[in-house]
Structure formats: C-alpha cells, structure tokens
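This report concerns only the one structure given below.
The values are calculated or read from the model by the stated rules, or taken from the named source; none is laboratory data. Values in this document were obtained by computation on a predicted structure and should not be read as measured data. For neighbour counting, all protein chains shown are included, and Cβ atoms are generated from backbone atoms with ideal geometry for every residue, glycine included. We work out accessible area using only protein heavy atoms, side chains counted, and drop any ligands, DNA or RNA first. Shrake-Rupley method; radii C 1.70, N 1.55, O 1.52, S 1.80 Å.
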Amino acid sequence: SKPPAPAAAAPPTITARPTPPVRGAEYFPTEELCGRYEFVRYLGHGAYGYVAEGRHIESGRQVAIKKILRVFHNRIDAKRLLRELRILRILRGLDSIVQLVDILPPPNLDTFTQIILVFEFVDTDLSKLIQSDQY
C-alpha cells in the first residue's frame, strides 16, 4: 500500500491591520453629529475650535462643521459668538455670505460647554481669498 499523502498546508492566516485613525475624526464623533451629518475630513483648527468637511446624510450635501469648544470660558468670546450668530441670521440669503445651515443641539442644555455649527461648504477661506488676485 501507498504511504498516506502529506496533509495540505493550511492557507496562511491573513491578519487585518487595524485601520489607522483618520486625522481629526476624534473631534467629530458620530454621536455628536446627531445622526444628521457624517465626518468626511479634517480641515483645521483655530483659536475657537475645529473645522471639518462633512456630509448631510439625507441629502448628501457637502457642509463645513465647526466645533467651538469652551463656549462660556470667556465672556467676551461668548458675546462674539452670539454676535456672529445673530449677524449670520440677519444676513441669511445673501450670496456673498457663507450660510449657517444648522446648529446641532447639545446633549444637555443646562451643562453644555461646546457648540457645533454647520455651514455651507466653501472650498476657500478669507485669508486665501484676500491673497488671491481675484479681488
């Protein structure tokens, strides 16, 4: 009789590499976007917080999401934010002014310390526009 055939070697096990974290995604967790928006990419940060490109889930509309931290830490900054929101509301509908699309509700109105604003997406900022030859 013949000797038994050697057992077939098991296929190599493929170990999935963990997906590297997306830069800036930690500032825009899904639960803070209220099921309305999804994080697309991190755009940057400034003195008041972080900005990301997002997408409105229902319509697919591209938006800019601005997360402002420590809203009430400084009274002057809190007043500036309120003034900015009021001015944006007054100037709503003008083509030359970026439009505020949404304000995401905080989980607790009595204790919130940050606010998330959603704007129409514009692929430039004021400093780039000023430096360009367009104006």
Column: log10 I(q)/I(0), Debye, Cα scatterers of region 73-125, q = 0.14, 0.15, 0.24, 0.25 Å⁻¹: -0.46, -0.52, -1.08, -1.12
task: Set the Förster distance to 22 Å, then compute FRET efficiency between Arg80 and Thr111 from the Cβ-Cβ distance, nearest 0.05.
output: 0.50
query: Of Glu58, Glu32, which has the most accessible area with a 1.4 Å probe, and how do the rest follow in descending order?
result: Glu58, Glu32
message: Quick check: residue separation of Ser59 and Ala25 times 0.36 nm, minus the Cα distance between them. What number comes out in nm?
response: 10.1 nm
- request: Provide, as a two-decimal number, the C-alpha radius of gyration of region 45-135 over 2.2 N^0.38 Å, N being how many residues it has.
  value: 1.17
